[in-house]
Amino acid sequence: VCVMEVQVCFAFSLVALLGVADAQVPHWGACPEPSIQPAFNLKRFTGRWFEVARLPAQFEKGRCIETNFTLTSESSALVQSSEFLKGEVKRIEGTAVVDDLKNPAKLGISFSY
C-alpha cells in the first residue's frame, strides 16, 4: 500500500465524518422530526420533573437533574433546573413560552446564564 492511497482513504473518511461532527448525537440524514403530543396542556405539565435518562448535552454534565415548571401565564412558565456537579448543586433559570397556540406542545425555552 502506498502512502498516496492511505492519504486518499483518510481524506474520504474525514469528509464522510464531517456531516455528523457538529451533532450532539450523530446520525445519518436529516434531523429527525419528533411527533407533537396531541392535547398538550401546559398547566398539567407544571411541577417538579426528575430526569430518568438523557442524550449527551453540553449544558447538562452533572447528575440528579431536576426541573420545576411554574405557570406564569396561560402560555408561559418559569423553568428552574438544577444538577449536582463536582460536589455542589448548580442552578439555572429560564422561561418556557408556547410560541404557537395551535401547537402548545412546542415550547420555546430560553435560559439566562
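The values are calculated or read from the model by the stated rules, or taken from the named source; none is laboratory data. All values derive from a computational prediction rather than experimental measurement. Virtual Cβ from ideal backbone geometry, glycine too; neighbours counted across all protein chains shown.
Some notes on this structure:
- Consider the range 74-113 and keep the residues that are over 17 Å from the mean Cα position of the chain (by Cα), surrounded by 10 or more Cβ atoms within 10 Å (Cβ to Cβ) and acidic (Asp, Glu). The one that is farthest from Trp49 (Cα to Cα) is Asp100.
- Positions within the range 62-91 being more than 16 Å from Gly47 (Cα to Cα) and in contact with a strand residue (DSSP E or B) (Cβ under 6 Å, 6 or more places away or on another chain), in sequence order: Gly62, Arg63, Cys64, Glu83, Phe84, Val89, Lys90, Arg91
- Candidate set: the range 46-67, residues that are under 17 Å from Ser110 (Cα atoms) and surrounded by 15 or more Cβ atoms within 10 Å (Cβ to Cβ); chosen: the one modelled with the lowest pLDDT: Glu60
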